[in-house]
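None of the figures in this text is laboratory data; all of them are computed from the coordinates on show. Treat the numbers as computed from the prediction; the structure is a model and nothing was measured. Glycine gets a Cβ as well: all are built from the backbone with ideal geometry, and neighbour counts include every protein chain shown.
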Amino acid sequence: MLRVENLGVRIHGETILDAISFCVQQGQTLCIAGESGSGKSSLLRALNGLLPAEFGSLAFHPKSSEPTELEGRWRGVRGLPGSRWVMQDPIAALNPKLPLGVSIGESVFSKNLSATELNDAVSDALSEVELLPELAVRRPSEVSMGQAQRACLARALVARPDLIFFDEPLSALDAIVQKQVAATMRRIQMRYGTTFIIVTHDLGFAATYADHVLVLRNGKIEANQSAGNFFRSPESRYCEELILAARELGGLPEVVPAKQGPGEARSC
Ligand SMILES: Nc1ncnc2c1ncn2[C@@H]1O[C@H](COP(=O)(O)OP(=O)(O)OP(=O)(O)O)[C@@H](O)[C@H]1O
């Protein structure tokens, strides 16, 4: 569904990402992990056209939008048609002056919906993420962090994307709300078959939700494996150490249970 070959990013002569290749199938979850500064967010930015990147090739074939195929230098600031992005800090991601319902509705501005259709779409999206319709009139400063992150998820969902990029979507939330939002994300994926690409520091989260794991280090790929293989038999010593460190901190069980859901990771 999304296949990237040989992506590179250089800024002011410095290599930020080098020779990045991976693919992810429709309805599956790719978690991108790695230490701070390894290039995870830069990879999301490059895939969304926000950093100047060189692509050996990129092919994105969503179910409900035109395919995108490109190679060479790309900077398409509107991102990939058929995809949306949920950021790490929901308060910073939302316009502080706009009620949540308006921010959510802006996501489908280009569809030229009537006022009634727009209201219905926003209400549906709010209920999809388990928020009351009354919250549509509140501004970001008038809701909790968890509610704001759900609103960001609703803003992505209202456009019915085939692919959602998430940059550390749970890190601004407390543990209980993290669990609730993660469960909502999972339910949405099961219902709509949406593909998720999620940047996370949390290997425990990746162990529970990922089909595939991509580990970056110094802008290069350190591992690109199905989640099952990654946690059983990581590709490099560095990844073994990452897994060990997560276990020692108590964030990862000794035995990673098989992922609940549509089945074993499908390779592409
Ligand atoms: N626009 C930019 N100009 C120059 N350097 C940049 C730019 N964006 C990112 N970098 C550099 O690229 C490297 C990777 O940064 P990036 O934010 O992608 O890392 P990360 O893995 O997401 O880190 P973290 O987990 O801390 O968010 C860093 O050394 C960063 O300073």
Report task. State, as an integer percentage, the relative contact order of the chain based on alpha-carbon contacts under 8 Å between residues 6 or more apart. Result -> 24 percent
Report summary line: Taking Rh as the Kirkwood radius computed over alpha-carbon pairs of the chain and applying Stokes-Einstein at 20 °C with viscosity 1.002 mPa s, one gets a diffusion coefficient in µm² s⁻¹ of 112 µm²/s
Report summary line: Sorted on mean Cβ neighbours within 10 Å (highest first), peptides 146-154, 216-224, 95-103, 82-90 come out as 146-154, 82-90, 216-224, 95-103
**Report entry** Value of [θ]222 nm, deg cm²/dmol, for the chain, DSSP H segments ≥ 4, -39500 (n - 2.57) each, nearest 500
**Finding:** -9500 deg cm²/dmol
Report summary line: Sorting Pro234, Val199, Leu157 by the position of each Cα along the dipole of the chain (Lys, Arg +1; Asp, Glu -1; all at Cβ), the one nearest the positive end of that ordering is Leu157
Query raised in the report: Amide H to amide H, which residues 5 or more places from Trp85 or on other chains are under 5 Å from it, using H placed in the peptide plane?
Result: Phe165
**Report entry** Pairwise centroid distance, computed over Cα atoms, of the stretch 168-244 with the stretch 19-55, Å
**Finding:** 13 Å
Requested in this report: Among Tyr238, Tyr209, rank each residue by its count of other Cβ atoms within 10 Å, from fewest to most, as a rough exposure measure.
Outcome: Tyr238, Tyr209
Query raised in the report: Where does each of 188-201, 160-173 land if you order them by average Cβ count within 10 Å, highest first?
Result: 160-173, 188-201
**Report entry** Spatially proximal lysines relative to Lys111 (Cα-Cα < 20 Å; intrachain offsets below 8 disregarded)
**Finding:** Lys63
Report summary line: So, relative contact order of the stretch 94-160 in percent, Cα under 8 Å, 6 or more apart, is 49 percent
